[in-house]
Amino acid sequence: MVSGRELRRRVNAQADSLVDARCALTEWALAVGMPTNQRGDLVLAAYEAMANAAEHAYRGQGGIIELHARATAGGVVVTVVDHGVWRPPPDHKGIRGRGIPLIEGLSHRSTVMPGEEGTTVVMTWAAPDP
Amino acid sequence: MNDNQQLTVRREVTDAALVVHVVGEVDLATSLQLGREFVGLERKASPTLPLVVDTTEVTFLASAGLSLLVDLNQRCADAGVDMLVAAGNDAVMRTLETTGLTDLLTVVANLEDALKPAR
């Protein structure tokens, strides 16, 4: 793993911009040498965090999502921050609400921190054993 | 960067099933399009002509697409139509397994298995 490398993006909370951010993250994960299977998990989990912000925090009205990824010797940390209004995932899973299970299930560790000024999602992946 | 060609959907009727081939990326940007393609499929299939959703060439599957699969599966169940998902690749299987949808949907490994007769 190439440590010290960072990716920092301000992403418009719109579907098309999320595609660009996903591509940038894919390239970054490749550049820092993340293993293939972790790379897929990272990109999907980060995408779900951003999609959640676009759909629920900003309710499709647009806004800025801050995407930050950092590689260290111990692994990778991805942070997704929005400044919208948190809405808890709906109990009824039929329509939406599978984003959070994906974030939790695909990362090694994750926290979703709603606050008065937005939501911060932190996801980590440990570096594989050498 | 976006050329609006991220997703293509094609329908095919075989002896065994109505097959909907989904090719490309399923995410927020393309889920509306996929939702439109899924409209009424439960009526185009039938109790004797099952619906197969072929995702073997789906390269990215986000939760927006999962909801569409679950909705379609429910509509098929209500109409007495069997629906199978031909997962076909690791990206799709990973998403389905992580969300527990392999228990809810009928998921088979590939398109050949989905088109086997007498299901």
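The values are calculated or read from the model by the stated rules, or taken from the named source; none is laboratory data. Nothing here was measured: the structure is a model prediction, and the numbers come from that model. Note: ideal-geometry Cβ built from the backbone for every residue, glycine included; neighbour counts use all protein chains shown.
Of the residues making up the range A:24-59, those that are surrounded by fewer than 21 Cβ atoms within 10 Å (Cβ to Cβ), free of Cβ contacts under 8 Å to residues at least 40 places away in the same chain and either part of a loop (DSSP other than H, G, I, E, B) or facing another protein chain (nearest Cβ under 7 Å) (or both) are A:33, A:40, A:59. Of all the listed residues (B:65, B:24), the sole one being in a helix (DSSP H, G or I) and either modelled with pLDDT under 95 or under 30 Å from residue A:36 (Cβ atoms) (or both) is B:65.
Each residue in the range B:82-118 was checked for being touching a residue at least 24 places away in the same chain (Cβ under 8 Å), among the hydroxyl-bearing types (Ser, Thr, Tyr) and within 14 Å of chain A (Cβ to nearest Cβ), and 2 of them qualify.
One line per residue, one yes/no per condition, for (1) within 21 Å of residue B:32 (Cβ to Cβ); (2) crowded, with 18+ Cβ neighbours inside 10 Å; (3) touching a helix residue (DSSP H, G or I) at 6+ places or on another chain (Cβ under 7 Å):
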residue: B:64; (1), (2), (3): yes, yes, yes
residue: B:78; (1), (2), (3): no, no, no
residue: B:88; (1), (2), (3): no, yes, yes
residue: B:94; (1), (2), (3): no, yes, yes
residue: B:107; (1), (2), (3): no, yes, yes
residue: B:110; (1), (2), (3): no, no, no
residue: B:115; (1), (2), (3): no, yes, no
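Taken over the range B:56-81, the criterion of being small (Gly, Ala, Ser) and either within 14 Å of chain A (Cβ to nearest Cβ) or in contact with a Pro (Cβ under 7 Å, 6 or more places away or on another chain) (or both) is satisfied by B:62, B:63, B:64, B:65, B:67, B:77, B:80.
Somewhere in the range A:3-10, is a residue more than 10 Å from the chain's Cα centre (by Cα), away from every other protein chain (no Cβ under 12 Å) and either under 19 Å from residue B:63 (Cα atoms) or among the acidic types (Asp, Glu) (or both)? For the range A:3-10, residues more than 10 Å from the chain's Cα centre (by Cα), away from every other protein chain (no Cβ under 12 Å) and either under 19 Å from residue B:63 (Cα atoms) or among the acidic types (Asp, Glu) (or both): present. Residues in the range B:83-99 that are more than 12 Å from the chain's Cα centre (by Cα), assigned to a loop (DSSP other than H, G, I, E, B) and either within 20 Å of residue B:42 (Cα to Cα) or modelled with pLDDT of 95 or more (or both): B:99 alone. Within the range A:94-119, being surrounded by 17 or more Cβ atoms within 10 Å (Cβ to Cβ) and modelled with pLDDT of 95 or more holds for A:102, A:103, A:105, A:106, A:107, A:110. Would you confirm whether any residue within the range A:62-69 is of a type in the set (A, V, I, L, M), part of a helix (DSSP H, G or I) and either within 21 Å of residue A:116 (Cβ to Cβ) or modelled with pLDDT of 95 or more (or both)? Checked against the condition, which is being of a type in the set (A, V, I, L, M), part of a helix (DSSP H, G or I) and either within 21 Å of residue A:116 (Cβ to Cβ) or modelled with pLDDT of 95 or more (or both), the range A:62-69 yields no hits at all.
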